[in-house]
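Please treat every number below as a calculation from the coordinates, not as lab data. Predicted, not measured: the structure shown is a model, and the values here were computed from it. Positions of Cβ are generated from backbone atoms using ideal geometry, with glycine treated the same way; all protein chains shown enter the neighbour counts.
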């Protein structure tokens, strides 16, 4: 592991320890009250979900054009994080929505596109696990659809009728809400980088193991 | 003639002979007596108390899920890394043994 990994892990752990106090001290939102505090994990996890999909897509493009296994390892690692942060987003969102909107789910554009993006990443992982030879390139092609979905998810709330808050909410947040939000966002970003690095390390070691097996057989 | 007019008016608005025009139920009054159409969306702070959900269980469930999901993934990666590391060490030891014999 790189030199920065352990200090970054310690920093991330410290931020996770501090964040509950920041979130608890944030004011209550006037209409939604206590349940609005789900926002401080829902929004950062949604951002990491989208970032992971972009990383997976870009790495897949580079793998398809250059054939470098390092890009494939990065794409595979990022796909797992799309599934992880996606499931966190898709669970915390409805828990908030049940109280705020009165329903668990709405088939509006953002929610539906997010669910589809998550399912694309699940399909990626299933393909890599059970697909056999050639599944790496096929999965890379699939990841492009996941990446193409990302801007659609983000801007959909501004153009289609939805009850989901639009993208203008976050830039206009007062400091009392913004501070815990951005703290959580940086914390989740650091966690994303650490998990991505650890997962890529796993693939590097698997590749090393495969090479060793081949040398033993040879 | 007068009877025809009374008959026509009775068909229109429930006017019965013997009643004056001021006794006619007005359209506005009739509509006011009907129940108001309920809009689909009711603001959350206007819900009656029995329809309001408690927020705390939802909040706790959300945060618990986040912590458990992240923890489960970290454990998963750690276990997979440990298994591969053990296989690597075993194979390297075997190669060293085969190389030395």
> Label-point separation (nm) for residue A:116 and residue A:208, each offset 7 Å from Cα along Cα-to-Cβ?
Replying inline: 4.2 nm
> Expressed in nm to one decimal, what extension gain is obtained for the pair residue A:6 and residue A:193 from 0.36 nm per residue of sequence separation less their Cα-Cα distance?
Replying inline: 66.1 nm
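Quick one: A:81, A:90, A:14, fewest Cβ neighbours within 10 Å first, how do they rank? Show your work: numbers first, answer last.
Numbers: A:81 23, A:90 19, A:14 11.
Placing the least packed residue first, the sequence is A:14, A:90, A:81.
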> Given labels modelled 7 Å from the Cα in the Cβ direction, how far is it in nm from residue A:68 to residue B:72?
Replying inline: 3.5 nm
> Mind checking the angle between helix A:39-66 and chain A's longest principal axis? C-alpha axes, 0 to 90 degrees, to the nearest 10.
Replying inline: 30 degrees
> What's the center-to-center distance, using Cα atoms, between the range B:62-77 and the range A:1-53 in Å?
Replying inline: 13 Å
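Order of A:136, A:108 from fewest to most other C-beta atoms within 10 Å?
On the way: A:136 19, A:108 15.
Lowest to highest Cβ neighbour count: A:108, A:136.
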> Given Cα pairs under 8 Å that are at least 6 residues apart, what percent is the relative contact order of the range A:114-210?
Replying inline: 17 percent
> For helix A:175-217, what angle does its Cα long axis make with the longest principal axis of chain A, in degrees from 0 to 90 and rounded to 10?
Replying inline: 10 degrees
> On a 0 to 90 degree scale, rounded to 10, what angle separates helix A:69-100 from the longest Cα axis of chain A?
Replying inline: 20 degrees
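From the helices alone, meaning DSSP H stretches of at least four residues, give me the mean residue ellipticity at 222 nm for chain A, per-run term -39500 (n - 2.57), in deg cm²/dmol to the nearest 500. Each step should come with its number before you reach the end.
Numbers: 6 runs with 171 residues, N = 218.
Value at 222 nm, helices only, nearest 500: -28000 deg cm²/dmol.
In what sequence do A:194, A:189 fall when counting other Cβ within 10 Å, fewest first?
Values: A:194 19, A:189 15.
By the 10 Å Cβ count, ascending: A:189, A:194.
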